[in-house]
1. In nm, give the distance between the simple-model label positions of Q307 and A134, each being 7 Å from the Cα along the Cα-to-Cβ direction.
2. Check which residues have an amide H placed less than 5 Å from I285's amide H, if you skip close sequence neighbours.
3. About the Cα centre of region 236-323, what is the dipole size in debye to 20, counting +1 per Lys and Arg Cβ and -1 per Asp and Glu Cβ, all else neutral?
4. Let's see if you can work this out: charge +1 on each Lys and Arg Cβ, -1 on each Asp and Glu Cβ, no other charges. What is the dipole magnitude of the chain about its Cα centre, in debye to the nearest 20?
5. Below 12 angstrom from the Cβ of I29, what's the summed charge of the other residues (Lys, Arg +1; Asp, Glu -1)?
6. Using DSSP to call loops (not H, G, I, E or B), can you name the GluC sites (Glu not before Pro) in region 248-303 whose Cβ has at most 13 other Cβ atoms within 10 angstrom?
7. Using the charge dipole of region 6-173 (Lys, Arg: +1 at Cβ; Asp, Glu: -1 at Cβ; taken about the Cα centre), state which of G65, N137, H127 has its Cα farthest towards the positive end.
8. On the first, second and third principal axes, largest extent first, how far apart are the outermost C-alpha atoms of region 188-317 in Å?
Amino acid sequence: MGNQIVLGRPNLVVFAETLLSLASEDSDILALTSDSRGSGKLTQFAKDLPAQIVEVGIAEQNIVGVAAGLASAGKKAFVVSPACFLTARALEQIKNDVAYSDQPVKIIGISAGISYGSLGTTHHSLHDFAVLLAINNIDIVAPADNFETREVIRAAVNHPRPIYIRFGKKPLPDLHKDGARFNIGKAIQLSLEKDHYDVAFIATGEAVSQAFMASINLSELGISSCVLSIHSLRPFDQEMVGCAVTRSDVVITVEEHSIHGGLGCLVASYMMEAEIFRPMKIIGIPDEHTVTGSQKEIFNHYGLSEQYLTRCAQDLLKRKVTA
């Protein structure tokens, strides 16, 4: 792993550019917005392909229902709306009209996690993984960088199942080397392959970059670590997670989501059932009324920053089980 971190662009910008490029070659691709084309970076899409964008206004329940109808008629419908509203206000429509009706709608949750920052708890989507994991027949993806964003949108166009894809707002580091491969449901290891690690970082979405930088910090202290980008919470790559945790002394999961019902719970449940016992820490937003501030301030407050993750790994290593 190199120490050079190159800052890319916001995933939402890459999403919009990728969707426009694909839709220019495929008239069945439609973007649906709920007064969200600006925040979804789809202004250029609307200018270039006005016949392929559907504006429903601030009506998140309607947008999901309309998309399900379009998908049933063979259209490749991308719903683009704030994650906090889609996975709360429109949850029944996602469940019944999309997932249970088996319509391959592509639900794009924008400004996810705590991206809205100072707008506060009402605009955070810290529940979306949990509620969607409890619903059968919808895949869940949270890209970590621009590469994963481009690849998941390309894959989503003809994905045969309903899919939820979650994006934040800030520019993100480029984490992947040339030649990286992306498949929905297959985790990506960002660190060098080794037989043993002191620490396994298992992260998803925008939190992956914090884990990646913490791994670099630890390497400078002589502590080895692996970093998994779990871009897909469903399908969940048990094989790669199992390989990482069995080779590591301690495990840390990192997510921009509640500590209940998300990535950490998936990993912990898998480890217990597989009888893999390691000191473990689930890093996310705790069960409390969240503080208000910028995304960076909230990350620092709740320990999702690279500095806290570095200290957390050192503390956990003190607890590791020795034979």
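Only the coordinates and a few stated rules stand behind these numbers; no lab work does. Remember, predicted model here, so these are calculated numbers, not experimental data. All Cβ positions, glycine included, derive from the backbone under ideal geometry; neighbour counts span all protein chains shown.
1. Taking the two extended label points, one gets 3.7 nm.
2. H257, S258, I259
3. My answer is approximately 420 debye.
4. On the way: 28 positive and 35 negative charges, 36 e Å.
Around 180 debye, computed over the chain.
5. Working: positive: K75, K76, K106, R154; negative: E25, D26, D28.
Result for the neighbourhood of I29: +1.
6. In loop regions of region 248-303 (DSSP not H, G, I, E or B), the sparsely surrounded GluC sites (Glu not before Pro) are E275, E288.
7. Towards the positive end, the residue furthest out is H127.
8. Computed over region 188-317, the largest-to-smallest principal extents equal 42, 33, 23 Å.
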